[in-house]
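Participant: I'd like to ask some things about the structure below.
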Amino acid sequence: MDFRPELALAESAAREAGRMLAGRIERRVLSSEGHDVKLELDRISEELIKAALAHGTNLPILGEESGLSAALEPNRLFWIVDPLDGSLNFSRGIPLCCVSIALWSGNAPVLGVVYDFNRDEMVSGLRSHGVYLNGAPVLRPEGRNAADSILATGFPSYLLHNEQTLQRVIRDIRRYKKIRLLGSAALSLAYVALGRVNAYFEDSIKLWDVAAGLAICSEFGFATELIELDPSQYLYRVRVDNVLV
């Protein structure tokens, strides 16, 4: 099946939402609980994206803000939307945030787009067609040894921020040259595909945070760990790396 029309639709929706977000000065916080923050613009962006996707297709949509629009059938196509990944960064004026849209079939990614509206960078991946940056094909980046690699990681809102968890993270990151906590899982995975970082890992991350990035990275066949921790909460442990040793 040719999914290029769906890719074009996702790119258009992401760009429209990104332009809206970039043009807003008011960034009202609706809630700030624990390690999470919700903005009014999260909801506005999601409604804009859902309307665009629904206009072009009749597929179910899983949105961060609104959940599932319709029941999922086994192996049926459905959209996954993160309308603003990196909301806290966005609210504080840190330009590390993006719009993320993916199309999955069951548990398998079909396509993904990650739009960094601050840099006007659209990273796209389409199954069996490759990875693109603003429409130009991207070559698979060369792998590096761990001692020369950058790991992008983070501490998601649903992760237990206790001493045991932090010690486990410290043990895991020692093998890498550097670590980066960008505050956006979608951007982190897009950067793995672009070769800007070499690996990504987060525990207890939501599916909508990583769905598009996984679709993009899957085109390069990177080593990937995707473990479902809580299906009712769309909670996963995810690791993607392009590390040689």
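Participant: I'd like the Karplus ³J(HN,Hα) series for region 200-211: coefficients 6.51, -1.76, 1.60, θ = phi - 60°, whole numbers in Hz, and an x wherever there's a Gly or Pro.
Facilitator: Each residue of region 200-211 in turn: 9, 8, 8, 10, 6, 9, 7, 4, 5, 5, 10, 4 Hz.
Participant: Shape call for region 97-144 from the C-alpha gyration tensor, a ≥ b ≥ c root eigenvalues: rounded (a/c under 1.5), prolate (a/b greater than b/c) or oblate?
Facilitator: Because a/c hits 1.5 or more and a/b fails to exceed b/c, region 97-144 counts as oblate.
Participant: Could you tell me what % of all Cα pairs in region 29-68 have separations over 12 Å?
Facilitator: 62
Participant: Another one. Using a basic spin-label model with each label point 7 Å from the Cα along Cα→Cβ, how many nm lie between residue 196 and residue 59?
Facilitator: Those two pseudo-labels are separated by 2.6 nm.
Participant: Would you list which lysines come within 22 Å of residue 38, measuring only between C-alpha atoms, while excluding same-chain residues fewer than 8 positions from it?
Facilitator: Residue 38 reaches 50, 206.
Participant: Determine which residues of region 177-214 fall in the zone a paramagnetic label at residue 36 would reach in this model, i.e. backbone nitrogen under 16 Å from the point 7 Å along Cα→Cβ.
Facilitator: Answer for this model: 185, 203-210.
Participant: I want to make sure I understand the PRE zone here: with the label point 7 angstrom from the Cα of residue 158 toward its beta carbon, which residues in region 211-245 have backbone N atoms less than 18 Å away?
Facilitator: Those under the cut-off are 211-215, 225-240.
Participant: Now for a separate question. Taking a virtual spin label 7 Å from the Cα of residue 133 along the C-beta vector, which residues in region 171-205 bring their backbone nitrogen under 16 Å of it?
Facilitator: 187-199
Participant: Turning to a different aspect of this structure: Give me the Å³ per residue figure for the convex hull around the C-alpha atoms of the chain.
Facilitator: Taking only Cα atoms, the chain has a hull volume of 119 Å³ per residue.
Participant: Run the helix sum for the chain: -39,500 (n - 2.57) per DSSP H stretch of 4+ residues, divided by residue count, reported at 222 nm to the nearest 500 deg cm²/dmol.
Facilitator: The helix contribution divided over the chain gives -9500 deg cm²/dmol.
Participant: Based on Cα positions only, what radius of gyration and what Dmax would you give for region 16-102, in angstroms?
Facilitator: Expressed in Å, the Cα Rg and Dmax of region 16-102 come to 13.6, 42.
Read the figures in this text as sums done on the coordinates, not as results from a lab. Source: prediction; values computed, not measured. Virtual Cβ from ideal backbone geometry, glycine too; neighbours counted across all protein chains shown.
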